[in-house]
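Written below as structure tokens is the structure these notes are about.
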Amino acid sequence: MMPVFRTATAADISTLRSLAHAIWHEAYEGMISPEQIAYMLAMMYSESVIAQELAQGVRWEIIADDNEDCGFISYEVAANNEVKLSKIYVRKEARGSGIAATAFHRVVAYAEENGRHSVFLTVNKQNQRAIRAYEKFGFRIADATVFAIGGGFMMDDYIMRRRIDKKDEQGESTV
């Protein structure tokens, strides 16, 4: 069965927060401290932050598989003619089922529809599972960054980018 993506609204904020709390603990325990997980969840997934992002036009989509919510994505048009894939999270039990591939295709299609030349994301340098998945979908490490996020915590991430190939009228790649 194909996953279903539905555009999130303010009515879905509690669902997004619940998914984020469950998935972040699955994904990041042992990679970052429990204190940093709690701090980042509060910083990035508060009701007011999600509501503000929705109001500003950031696209949030809830992913359902077999009629059960199992993940979410968040993306937006960013500077430099790119789309920023801010969030892509799928519950552990739903991984490996093609959901991430479908999500990546949606974001790339959005970039193409909006005339953008690439999609970029950030990923924790220790998150080898995610890095391998991103590479599988054509993302490459473009840069590295370390920055303070407050609360005494740091983010140590790779910036990964996937170019969007432009096709000429005969279908030949021009990039």
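Here is how the numbers come out for the structure above:
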quantity	calculated
Helices (runs of 4 or more DSSP H) wholly inside the stretch 24-116 containing at least 2 residues that are over 25 Å from ALA11 (Cβ atoms), under 15 Å from the mean Cα position of the chain (by Cα) and among the small types (Gly, Ala, Ser)	99-113
Of all residues making up the stretch 1-54, the number that are within 18 Å of GLY151 (Cβ to Cβ) and aliphatic (A, V, I, L, M)	11
Residue that is surrounded by the fewest Cβ atoms within 10 Å (Cβ to Cβ), among those in the stretch 1-31 that are at pLDDT below 95 and farther than 19 Å from ALA94 by Cβ	GLY30
Hits in the stretch 121-136 (condition: part of a helix (DSSP H, G or I) and under 11 Å from ILE88 (Cβ atoms))	ALA130, ALA133, TYR134
Qualifying residue in the stretch 89-107 (condition: in contact with a Pro (Cβ under 7 Å, 6 or more places away or on another chain), touching a residue at least 12 places away in the same chain (Cβ under 8 Å), under 23 Å from ARG163 (Cα atoms) and among the polar types (S, T, N, Q))	yes
Residue in the stretch 53-79 that is farthest from PHE5 (Cα to Cα), counting only those that are surrounded by fewer than 20 Cβ atoms within 10 Å (Cβ to Cβ) and β-branched (Val, Ile, Thr)	VAL77
Residues of the stretch 137-152 satisfying the condition of being touching a helix residue (DSSP H, G or I) at 6+ places or on another chain (Cβ under 9 Å) and either in a strand (DSSP E or B) or under 14 Å from VAL119 (Cβ atoms) (or both)	PHE137, GLY138, PHE139, ARG140, ILE141, ILE149, GLY150
Cβ pairs under 6 Å, 6+ apart, first in the stretch 11-33 and of a type in the set (A, V, I, L, M, F, W, C), second part of a helix (DSSP H, G or I)	ILE13/GLU47; ILE13/ILE50; LEU16/ILE50; TRP24/ILE37; TRP24/LEU41
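Yes or no, residue by residue, for (1) over 26 Å from ALA144 (Cβ atoms); (2) buried (at least 16 other Cβ atoms within 10 Å of the Cβ); (3) touching a strand residue (DSSP E or B) at 6+ places or on another chain (Cβ under 8 Å); (4) at pLDDT below 95:
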| site | (1), (2), (3), (4) |
| --- | --- |
| LYS87 | no, yes, yes, no |
| LYS92 | yes, no, no, yes |
| VAL119 | no, yes, yes, no |
| ALA130 | no, yes, yes, yes |
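The values are calculated or read from the model by the stated rules, or taken from the named source; none is laboratory data. All figures in this text were calculated on a predicted structure; none of them were measured in a lab. Every residue, glycine as well, gets a Cβ built from its backbone with ideal geometry; the counts of neighbours run over all protein chains shown.
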